[in-house]
Amino acid sequence: VTEILERQEEQTRKSFIGERRTRVEDERLVRGLGKYVDDVDPPRLVHMALVRCPYPRARIVSIDASAARALPGVLEVLLPEDVLARTDPITILRPIPDAPAIMPRALPDGEALYEGQPIASVCAVSRYVAEDAAQLIDVEYEPLPFVVDVLQAAEDDAPVLHESMGTNVLVTNPRGDGDWDGAFEACDSRCRRHLSINRVSGSRWRPARSLRTGHRA
Amino acid sequence: VQQAFKEHHGLQCGYCTPAMLMTSLALGRRGIPLDREQLKEELAGVLCRCTGYQKIYDAVESYLGEVAGGGGTA
């Protein structure tokens, strides 16, 4: 056994474990030779900017994109009607048993359901032109009732976000077996706790990005 | 300063590194001694999301120490 342990120790010494090593990529990076997606500028690359809804929930009354389309350097403006005509809805959630599918569109069908939701898309020769054009798009909104609290959203009189569902409760998940009430009654003491579990979602603070061209590298 | 960052693992993805290096260089040229709290203030203008900063502070302190000791070229 001692021999085996000694051999393992020898093996560990030979490996990287516990060793302090410098990185091979550092020399390139400290010389300013790092390359990131924004450094890649293939020929005829075009840029997109989005118009986003400033309200938690709003009906889109009208969109006037004429000034944006007239701006030099603008290649295309996509409004909801264009996207709705050319694309199909998709599901973004994994199927939850008994939950109806929510089928969002890339641009909203008449109603924006959250602040920051994309309303229109501009494609232009540079990001600067695209952003300028996006600001020229005039959207008339009719703000609608909203809730920002999960428990309030579950109440009966809460404004319903997806009318086809008729409720804001996507799914309930009760689990149990046997005589609950009897088991609780038989207990010497009982305690009740309300547990709030925060929503976990991805953050774009340090985004991973990719740029793909049609050519082999 | 490049060597100090490499040896002290003062970078991971490298995105903020050029700004960190140039700030360090300026601090070296200014030549005013800094304790760690002051160094944090001086580097507050550059955001790093990889390292948690400790390794960066180690690297800059090492570099500034060399400069102060006459070993640097700043």
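Looking only at the stretch B:1-31, filter to residues that are small (Gly, Ala, Ser) and more than 10 Å from chain A (Cβ to nearest Cβ); which one of those is surrounded by the most Cβ atoms within 10 Å (Cβ to Cβ)? Give the derivation first.
Just the residues of the stretch B:1-31 that are small (Gly, Ala, Ser), to begin with: B:4, B:10, B:14, B:19, B:24, B:26, B:28, B:31.
From the residues that got through so far, the ones that are more than 10 Å from chain A (Cβ to nearest Cβ) too are B:19, B:24, B:26, B:28, B:31.
Numbers: B:19: 14, B:24: 28, B:26: 11, B:28: 19, B:31: 10.
So, considering only residues that are small (Gly, Ala, Ser) and more than 10 Å from chain A (Cβ to nearest Cβ), the one surrounded by the most Cβ atoms within 10 Å (Cβ to Cβ) is B:24.
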Would you please name the residue that is farthest from the other protein chains (Cβ to nearest Cβ), looking only at residues in the stretch A:12-57 that are closer than 30 Å to residue A:108 by Cα and in a loop (DSSP other than H, G, I, E, B)? A:57
Read through the list (1) within 32 Å of the chain's Cα centre (by Cα); (2) within 14 Å of chain B (Cβ to nearest Cβ), then give the number of the only condition that residue A:110 fails. (2)
Restricting the first residue to the stretch A:102-130 and requiring it to be free of Cβ contacts under 8 Å to residues at least 60 places away in the same chain, which pairs with a second residue that is aromatic (Phe, Trp, Tyr) meet a Cβ separation below 8 Å and a spacing of at least six or different chains? A:112/A:55; A:112/A:141
Quickly run through the stretch B:24-51 and pick out the residues that are touching a residue at least 24 places away in the same chain (Cβ under 8 Å) and polar (S, T, N, Q). B:24, B:51
Can residue A:90 be described as aliphatic (A, V, I, L, M), away from chain B (no Cβ under 14 Å), within 31 Å of the chain's Cα centre (by Cα) and in a loop (DSSP other than H, G, I, E, B)? yes
Identify the single condition in (1) out of contact with any helix residue (DSSP H, G or I) (no Cβ under 6 Å at 6 or more places or on another chain); (2) within 14 Å of another protein chain (Cβ to nearest Cβ); (3) at pLDDT 95 or above that residue A:76 does not satisfy, given that it satisfies every other one. (2)
Counting residues that are out of contact with any strand residue (DSSP E or B) (no Cβ under 9 Å at 6 or more places or on another chain) and within 15 Å of residue A:25 (Cβ to Cβ), which helices (runs of 4 or more DSSP H) fully inside the stretch B:1-68 reach at least 3? B:2-7
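Under the condition of being of a type outside the set (A, V, I, L, M) and at pLDDT 80 or above, which residue from the stretch A:192-209 is nearest to residue B:48 (Cα to Cα)?
Applying the first criterion (of a type outside the set (A, V, I, L, M)) to the stretch A:192-209 yields A:192-194, A:196, A:198-199, A:201-207, A:209.
Add one more test, that the residue is at pLDDT 80 or above, and what stays is A:192-194, A:196, A:198.
Working: A:192: 44, A:193: 40, A:194: 38, A:196: 32, A:198: 26 Å.
Ranking the qualifying residues of the stretch A:192-209, first place goes to A:198.
The values are calculated or read from the model by the stated rules, or taken from the named source; none is laboratory data. The structure presented is a predicted model; accordingly, all values stated were derived computationally and were not measured. Note that we place each Cβ from the backbone using ideal geometry, even for glycine, and neighbour counts take in every protein chain shown.
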